[in-house]
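Contents: one structure, followed by commentary.
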Amino acid sequence: IQNYIDKLNRIGMGYFRPLVMAILKNESDPEQIIKILKSIERFIFIEFRLNQTRRNYRDSEFYNYARELDRGDVAIDNICDRLSELVSYNLNEDGSYRIDYFYNYLKKRFESGGYQGYYGWHGLRYFLFEYELSLLSSSRQQKVFWEDLIKTPKDKISIEHIFPQTPSNKYWKTTFSSISKKDHYRYQGSLGNLLLLSHSINSSLQNDGFDDKKRPKYNDNKEKIRNGYSDGSHS
């Protein structure tokens with residue numbers, strides 16, 4: 001339950017706060033609580049982070065659900081069914097996500113300049129952090145912490161461009177020599193080019209080549225003088 005509360009806080013639960021409070025107050029079955037928290041998270045991600053739906057979409061409906069649940073007039077399963085029904089409007093017949101809205105949103109991002117592509121997507125930190133957590137196991141130590149990502153509003157503090165925005169290093173000039181400079185932004189703003197890292201590691205890597213960025217750097221005495229991707233991210 002705590003894990004899903006944390007996920008909702010990271011993604012931004014918005015107008016679902018009263019409903020979450022009503023759930024925790026009135027429902028004693030942990031499986032039911034997790035079921036609806038998971039449904040809320042999925043709804044928020046698809047509607048607000050992918051589809052860019054307006055913030056008040058269906059807000060009055062779920063405010064009412066919070067009141068009805070507190071009064072005992074509606075069941076958790078009914079609310080879950082409604083969340084699934086609303087999400088289903090964005091799915092194809094085979095259950096896959098219909099990408100039209102998100103594709104058009106990203107297309108504008110890639111063509112607008114500035115924070116191009118996925119780098120300007122306001123769901124990026126949440127997405128990359130959840131991916132990072134999915135790679136953890138009992139034998140792995142957490143390397144990136146959410147608290148470090150919300151200390152500044154600037155994404156560039158914590159999100160690394162593997163292929164840098166100013167590729168002056170010889171490695172990048174050679175590797176991308178066949179790609180027109182005007183098309184570099186397509187690669188720089190791609191999801192696979194963005195990596196969650198701590199600010200200290202990000203700033204020290206700067207414009208190094210990929211092979212150098214992956215590993216820590218040592219001096220002649222085998223003392224570490226700079227961290228690499230392997231130090232700061234399981235991703």
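Against the longest principal axis of the chain, how steep is helix 100-112, in degrees 0 to 90 to the nearest 10, with axes from Cα atoms? The two axes meet at around 40 degrees.
Over the chain, DSSP H runs of length four or greater, each weighted -39,500 (n - 2.57), average out per residue to a 222 nm ellipticity of -14000 deg cm²/dmol. Put a plus charge on the Cβ of each Lys and Arg, a minus charge on the Cβ of each Asp and Glu, and nothing anywhere else: the dipole of the stretch 95-147 about its Cα centre is then about 80 debye. Toward the positive end of the charge dipole of the stretch 14-101, with +1 on the Cβ of Lys and Arg and -1 on the Cβ of Asp and Glu, the farthest Cα among ASN26, LEU69, THR53 is that of THR53. Along the axis of the charge dipole computed for the chain (Cβ charges of +1 for Lys and Arg, -1 for Asp and Glu, origin at the Cα centre), the listed residues GLY209, PHE43, LEU106 are led at the positive end by GLY209. Our estimate of slack between LEU86 and ILE225, defined as 0.36 nm per intervening residue step minus the Cα-Cα distance, is 44.8 nm.
Straight-line cross-link reach from LYS222 at under 22 Å between alpha-carbon atoms covers these lysines, not counting any fewer than eight positions away in the same chain: LYS213, LYS214.
Compared with the direct C-alpha span, the chain from LEU24 to TYR218 gains 64.8 nm at full extension, assuming 0.36 nm per residue. In this Cβ point-charge picture (+1 for Lys and Arg, -1 for Asp and Glu), the chain has a dipole of about 1200 debye about its Cα centre.
Let a ≥ b ≥ c be the square roots of the eigenvalues of the Cα gyration tensor of the stretch 1-92; is it rounded (a/c under 1.5), or, if not, prolate (a/b larger than b/c) or oblate? Here the stretch 1-92 falls in the prolate category. The ratio of the alpha-carbon radius of gyration of the stretch 24-77 to the globular-protein estimate 2.2 N^0.38 Å is 1.24.
A value for semi-axes √(5λ) of the Cα gyration tensor in Å was derived from the coordinates, and within the list (1) 40, 23, 13; (2) 70, 24, 13; (3) 27, 20, 19 it appears as (1). Surface exposure of the stretch 1-90, expressed per residue as accessible area with a 1.4 Å probe, stands at 53 Å².
As I understand it, the value is the acute angle between the Cα axis of helix 59-71 and the longest principal axis of the Cα atoms of the chain; what does it come to in degrees, rounded to 10? So the inclination is approximately 50 degrees. What the phi angles of the stretch 23-33 give under the Karplus curve with 6.51, -1.76 and 1.60, with θ = phi - 60°, is a coupling list of 5, 5, 6, 10, 10, 9, 7, x, 5, 5, 5 Hz, glycine and proline written as x. For the stretch 69-178, run through the chymotrypsin sites (Phe, Trp or Tyr not before Pro) and keep only the ones in DSSP coil with at most 11 other Cβ atoms within 10 Å of their Cβ. Hits after loop and neighbour filter: TYR89, PHE145. When Rg and Dmax are taken over the Cα atoms of the stretch 65-189, they come to 20.6, 67 Å.
A Cβ-based charge dipole, computed about the Cα centre of the stretch 1-126 with Lys and Arg at +1 and Asp and Glu at -1, lands at about 720 debye. The modelled label-to-label distance between TYR131 and LYS38, using points 7 Å beyond Cα along the C-beta direction, is 2.2 nm.
The values are calculated or read from the model by the stated rules, or taken from the named source; none is laboratory data. Nothing here was measured: the structure is a model prediction, and the numbers come from that model. Here the Cβ is made from the backbone with ideal geometry for all residues, glycine too, and neighbour counts use every protein chain on show. What goes into the accessible areas is simple: the full protein's heavy atoms, side chains included, and nothing from ligands, DNA or RNA. Shrake-Rupley method; radii C 1.70, N 1.55, O 1.52, S 1.80 Å.
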